[in-house]
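**Q** Right, I'll just put the structure down here and ask away after.
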Amino acid sequence: MMSMNTYPYLINGQWQESTTNETIELVSPYTEEVVGSVQAMSRDEVDEAIHGAKRAQQEWAALPVNKRAELLYAWADKLEERVDEIGQIIMREVGKNLSDAKKEVVRTAEIIRYTAEEGLRFTGGFMQGDSFPGGSKNKMAIIKKEALGVVLAISPFNYPVNLAAAKIAPALITGNAVVFKPATQGAISGVKMVEALQDAGLPSGLLNLVTGRGSVIGDYLTSHPGIDMITFTGGTGTGQHLSQQASMVPVVLELGGKDPALVLEDADLTLAADQIVSGAFSYSGQRCTAIKRVFVLEHQADELVGMLKERVEKLSVGSPVDNSFIVPLIDKKSADYVQGLIDDAVNKQATVVHGNERDGNLLHPTLLDHVTREMRVAWEEPFGPVLPIIRVSSLDEMIELTNESEFGLQASVFTQNVNNAFTVADKLDVGTVQVNGRTERGPDHFPFIGVKQSGLGVQGIGRSLETMTRDKVTVINL
Ligand SMILES: NC(=O)c1ccc[n+]([C@@H]2O[C@H](COP(=O)([O-])OP(=O)(O)OC[C@H]3O[C@@H](n4cnc5c(N)ncnc54)[C@H](O)[C@@H]3O)[C@@H](O)[C@H]2O)c1
């Protein structure tokens, strides 16, 4: 008999316990109590999950797309019905404040609906031979979009529902089956969102949910010959490793970042300060697109730092249950890592403007001034509530510091001059530039890309449909 807080995996429509008799405990980031446990699956069980998905896929792909869309619409409705329950679970499991956790569920339902609609209009093309020299009008190509097969979807802890559905929904609407591996911390939310999908009428085997230790099933999954495409969001190290395991299958990777805010001389400083604080500190900076460093000209730095300080001092710090803005980090290891970056900067003469206080996994929002390129925090991704200010002498230096990073997810440029905005944006080696706004993913139909060590391939609803299908060409010779 399974205990109430032990969650099963899903294969071929059956929720099951692993024959390993092993489970992995999930510890709450803020109460440090066990929230529940998930199955540590064996490789044989993973095999079964992949084979089951393969069997279900062909029948699913043969259905009219409008029937596939019905499943997604029903899923979105079922998720919305459970917004309170799933919001609570996200909060308990990953420590996101309740209001943001619920918003994540609602946003996910919206993504699923939009994906269904986009899927209905997603179609191939037609070409005629005579546009190529020597070609003939009698040669015509009908180009259809076909599913790739079984998509392996691997998601991170920080948006356990949203980032999972942003992979699952486009895979399903285009006729693929899915093997879904949630982050271990985030797996209960994964179970709950899949329960909602089952309630919506998920065909048996079409999506199988696997959980387990990265060391036992991670590489086994990503190098498995039954997987036809991998879509992954997580840390850069994990993504690099994964791309070496996967062979001859398309891989989309959304990885880490070190997004800068470039505050130009003609910026509206009030707007910049508001956006920077919200961009850097929401969910305690545990966002791939959090603002992770600020570049400001020396002669404006005191004014901007004063404005940032005023805002950071007002951020509420505490428990996600009380809807605090700053909440404990996901685990002790992460908190230790962030503290290490702060300590290194302080040892090298950075100034603590605010913060550098710690209470277990709860780090107070920390604003560091006079950060230099010799400090680790100028380059490494903290995934925590610390914001380094780097004072520079020119706009060129801001651009140089941006492009010197190994990461290239997004950048914010604050300026009131549209010409400057475009000139600078064109020079930044990142996937997306936000002019006069914080760095962030979404709206979810925009393309979302990381360059350099921040990723490979593109997400965003329309783009995901492209990457989860291939062209199938039939040529007619009249
Ligand atoms: N660019 C983006 O879209 C984006 C969005 C959110 C988070 N992130 C990044 O994710 C990181 C934080 O998330 P995390 O701590 O959950 O990342 P992580 O890399 O530790 O884990 C991500 C997922 O990979 C799985 N995994 C671990 N080892 C594996 C292996 N060998 N094979 C296959 N899967 C394996 C984990 O179980 C989890 O499901 C940050 O670096 C952040 O920047 C990026």
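The values are calculated or read from the model by the stated rules, or taken from the named source; none is laboratory data. Computed from a predicted model, the values in this text were never measured in an experiment. Don't worry about glycine lacking a Cβ; one is built from the backbone with ideal geometry, like all the others, and counts go over all protein chains shown. Quick note on the areas: whole protein, heavy atoms, side chains included, nothing else; ligands and nucleic acids left out. Shrake-Rupley method; radii C 1.70, N 1.55, O 1.52, S 1.80 Å.
**Q** What angle do you read, to the nearest 10 degrees and between 0 and 90, between the alpha-carbon axis of helix 332-347 and the longest principal axis of the chain?
**A** 30 degrees
**Q** Determine the distance separating the Cα centre of region 136-161 from the Cα centre of region 1-74; give it in Å without decimals.
**A** 23 Å
**Q** Identify the GluC sites (Glu not before Pro) of region 376-428 meeting these criteria: DSSP loop state and at most 16 other C-beta atoms within 10 Å of the C-beta.
**A** Answer in residue order: Glu406.
**Q** With the contact rule set at Cα under 8 Å and sequence spacing of 6 or more, what percent relative contact order holds for region 1-135?
**A** Result for region 1-135 is 20 percent.
**Q** While we're on this one: Ignoring ligands, DNA and RNA, what percent of the accessible area of region 1-90 is carbon or sulfur (1.4 Å)?
**A** The computed percentage sits at 46.
**Q** What whole-number value in Å² describes the accessible area per residue of region 112-251 for a 1.4 Å probe?
**A** 36 Å²
**Q** Using θ = phi - 60° and the Karplus form 6.51 cos²θ - 1.76 cosθ + 1.60, what ³J(HN,Hα) does each residue of region 102-117 get, whole Hz, x for Gly and Pro?
**A** The phi angles translate into 5, 4, 4, 5, 5, 4, 5, 4, 5, 4, 5, 5, 4, 5, 4, 5 Hz.
**Q** Here is a follow-up. Can you pull the percent of region 366-435's accessible area that's carbon plus sulfur, 1.4 Å probe, other chains left in place?
**A** Answer for region 366-435: carbon and sulfur cover 46 percent of the accessible area.
**Q** Continuing with the same structure: What angle, in degrees between 0 and 90 and rounded to the nearest 10, separates the Cα long axis of helix 298-313 from the longest principal axis of the Cα atoms of the chain?
**A** Approximately 70 degrees, to the nearest ten.
**Q** Between Val35 and residues 5 or more places away or on another chain, which pairs have amide H atoms under 5 Å apart, with H built 1.01 Å from N, and which residues are they?
**A** So Val35 has HN proximity to Leu26, Val27, Ser28.
**Q** For Gln300 and Glu146, calculate 0.36 nm times their separation in residues minus their Cα-Cα distance, and state this gained length in nm to one decimal.
**A** 50.0 nm
**Q** Could you check what % of the DSSP bridge pairs in the chain are antiparallel, to the nearest 5? All intermediate terms of the calculation are to be shown ahead of the outcome.
**A** On the way: 33 of 71 bridges.
Of all bridge pairs located within the chain, approximately 45 percent are antiparallel.
**Q** Can you flag which of Lys144/Lys181; Lys96/Lys292; Lys103/Lys192; Lys292/Lys452; Lys78/Lys192 are past 22 Å Cα-Cα?
**A** Lys144/Lys181
**Q** What whole number of Å gives the distance from the Cα centroid of region 377-442 to the Cα centroid of region 331-363?
**A** 23 Å
**Q** With viscosity set to 1.306 mPa s at 10 °C, what whole-number translational diffusion coefficient in µm²/s follows for the chain from Stokes-Einstein and a Kirkwood radius over Cα pairs?
**A** 68 µm²/s
**Q** Now, a different point. Please give the per residue volume of the convex hull enclosing the alpha carbon atoms of region 1-160, rounded to a whole number of Å³.
**A** Value for region 1-160: 176 Å³ per residue.
**Q** Percent of accessible area on region 206-247 owned by carbon and sulfur, 1.4 Å probe?
**A** After summing per-atom areas, the C and S share lands at 49 percent.
**Q** On a 0 to 90° scale, report how tilted helix 236-245 is relative to the longest principal axis of the chain, with both axes built from alpha carbons and the result rounded to the nearest 10.
**A** Relative to the chain, helix 236-245 is tipped by roughly 30 degrees.
**Q** Here's another thing I want to ask about it. Convert 20 °C to kelvin, take the viscosity as 1.002 mPa s, use the Kirkwood radius over C-alpha pairs of region 150-305 as Rh, and evaluate the Stokes-Einstein diffusion coefficient in µm²/s, rounded to a whole number. Working shown, then result.
**A** Values: Rh = 17.6 Å.
For these conditions, the coefficient is 121 µm²/s.
**Q** May I ask you to list the trypsin sites (Lys or Arg not before Pro) in region 127-226 that are in a DSSP loop and have at most 11 other Cβ atoms within 10 Å of their Cβ?
**A** For trypsin sites (Lys or Arg not before Pro) across region 127-226 that sit outside H, G, I, E and B with at most 11 neighbouring Cβ atoms in 10 Å, the list reads Lys137.
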